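We did not get these values from a lab; they are worked out from the coordinates using the rules stated. Treat the numbers as computed from the prediction; the structure is a model and nothing was measured. Glycine gets a Cβ as well: all are built from the backbone with ideal geometry, and neighbour counts include every protein chain shown.
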């Protein structure tokens, strides 16, 4: 059973605060999908999650689960599971009792609880850990138990607040894979909050970038990098290295590099953005190819960081580690139209 | 193996600890020893170091048919139990608020809670008597329980705020998201972690009630006779030292017993449980 989440015009200002934490946040998470809310610390993303969970009350707007407003419902009536950054396992209970907690609160009978707990401990790769205490587990194991516990009662919605941020980088990768796998099995509509863009793009099918309490962009992960909606989004995603001023018109962008073909809704003065890794070095001729001179090459081992100038514009690009490029070389750069975007300066 | 790593202490230091322990023990238990002897003799005169005749006459009198000791013990236990339950419940609620929420004037509240320790009990008792007389609560069990409650609650609150500070509020929030209502989340998640603290708080409250003399005398108006009241009356009225000693032993027994039990329960635990000031 899954539930769609609708967040409509959500406003929140903490008591005594002068600036709002959330401003007119609107977000739709279709049933059974995974959306990541990505933002730096202080962007209001945890507040957003805590409002959906029912642990905070917003100052304005609405939250609907399966079409029904839940703002007047206390958290325990909202049919959701939440995993926080800390595992928050109940210290006086065993692992199995922790996982069973939500089912017990709903009055599920014993045999069914046992079956479901065993099934979930298998699913999070902790079979036979049921009788242990939370203190005997590692951080990653504890967070897996927390995941199992949140999903035990088959909630329509799974909320995750920086669930893997406290774990080792290597463990984080495993946990992302586990989360994707669990989502495939259980199907709960998943909304999760993170400051880690790799985590967001790895796990989610749609990413909402939250900056300063506003939704700055809502798009599939690839679009986010290819077509950042604003300069701020591009900066936050680390893609504002090449920002070339010019003028946009239908299908074109005029700048010192010449007339470049691209697809944009932007009109008038703007900044052209292209990620360093999207620029193709080669001898091809044709549209969107500019001649350039290499000015610097830095070998990073896995790739080369290259600086080039073309018509007085400095471009950053990266190539594979074996590219035969030296400072002073004249070359051609292709700026693929699909990777060009224009934002307001 | 820890023995080997421990640096050798000089002889003086090694002897200091046992000496201090024995002296402290004597200082605390010393006054009780003559009581224990006196309760079992009817002849013990100065300057004899030891009584020359043993007898159970004191106990016969203390426990005999005219004695009101059994009744006084029952009254004391009843009042003590009521005070313990009420003070612990109130203390647990107030302690949660103090430990978990940023209350305005929190320092002031903590100071007020210490007031029963700081303010001379006589002043409080005299004022309380007037209030309880006017309220029609004087000369009754209810009145005595209500009068003893503030001091006991203050202790329980200070103690419980320390215990609550060690409980993570996020755990109850987590329980709420798993389908537990507010009360259920408290019962299922926080309460099991408070158990030791609640026991100690109840014990303290009981002991405060058990040993109270002044408030019980003034508010109870002689109608409510607890063990301390009976003890004073016997000591002052009968001059029967053996009976007085026997009653005194009865009065001393529960505190010693409860302290021993609590010490066993708390042995090896976080002593911060008793660290009232955190």
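Distance from the Cα centroid of the range B:129-202 to that of the range A:130-190 is 36 Å (rounded to whole angstrom).
Secondary structure note: in the protein assembly as shown, about 75% of the DSSP beta bridges are antiparallel. Which shape class applies to chain B: rounded if a/c is under 1.5, otherwise prolate when a/b exceeds b/c and oblate if not, where a ≥ b ≥ c are the square roots of the Cα gyration tensor eigenvalues? Oblate is the answer for chain B, as a/c is 1.5 or above yet b/c matches or exceeds a/b.
In chain A, the DSSP beta bridges split such that about 75 percent are antiparallel, to the nearest 5.
Shape class for the range B:1-156, computed from the alpha carbon gyration tensor (a ≥ b ≥ c): oblate, with a/c not under 1.5 and a/b at or below b/c. Sorted fewest first by neighbouring Cβ atoms within 10 angstrom, B:218, A:304, A:191, B:257 come out as B:257, A:304, B:218, A:191.
Relative to the longest principal axis of the Cα atoms of chain B, helix B:227-237 runs at roughly 20 degrees. Prolate is the label for chain A, because a/c, from the alpha-carbon gyration tensor with a ≥ b ≥ c as root eigenvalues, is 1.5 or above and a/b exceeds b/c. Label-to-label distance for residue B:256 and residue A:316 is 8.0 nm, based on points extended 7 Å past Cα in the beta-carbon direction. A quarter of the convex hull surface defined by the alpha-carbon atoms of the range A:245-345 gives 6.1 nm² as the mean projection.
Relative to the longest principal axis of the C-alpha atoms of chain B, give the angle of the C-alpha long axis of helix B:141-165, reported between 0 and 90° and rounded to the nearest 10°. Result, in degrees: 50. Using C-alpha pairs under 8 Å with a sequence gap of at least 6, the mean separation divided by the residue count of the range A:31-169 gives a relative contact order of 31 percent. Just from its helices, what would the mean residue ellipticity at 222 nm be for chain A, if runs of 4 or more DSSP H residues each count -39500 (n - 2.57) and the sum is divided by every residue, rounded to the nearest 500 deg cm²/dmol? Roughly -7500 deg cm²/dmol at 222 nm, from the helical runs in chain A. Quick one: check the C-alpha center-to-center distance for the range B:14-58 versus the range A:29-106, whole angstrom. Measuring centre to centre over Cα atoms gives 66 Å.
Across the range B:92-202, the mean sequence separation of Cα contacts (distance under 8 Å, 6 or more residues apart), normalised by length, yields a relative contact order of 38 percent.
By the beta-carbon count within 10 Å of each Cβ, the least crowded to most crowded order of A:63, B:37, fewest first, is B:37, A:63.
Inter-chain neighbour count for A:78-90: the average number of beta-carbon atoms from partner chains within 10 Å of each residue's beta-carbon is 4.
Among A:129, B:155, B:101, B:213, the ranking by other beta carbons within 10 Å of each residue's beta carbon, starting with the fewest, stands as B:101, B:213, A:129, B:155. Angle of helix A:110-123 to the longest C-alpha principal axis of chain A, folded into 0 to 90 degrees and rounded to 10: 30°. Once the mean of 1/r is taken over each pair of separate Cα atoms and inverted, the protein assembly as shown shows a Kirkwood hydrodynamic radius of 31.2 Å. Note: relative contact order over chain B, using C-alpha pairs below 8 Å and six or more positions apart, is 28 percent. A helix-only calculation puts chain B at -23000 deg cm²/dmol for mean residue ellipticity at 222 nm, using -39500 (n - 2.57) for each DSSP H run of at least four residues, averaged over all residues.
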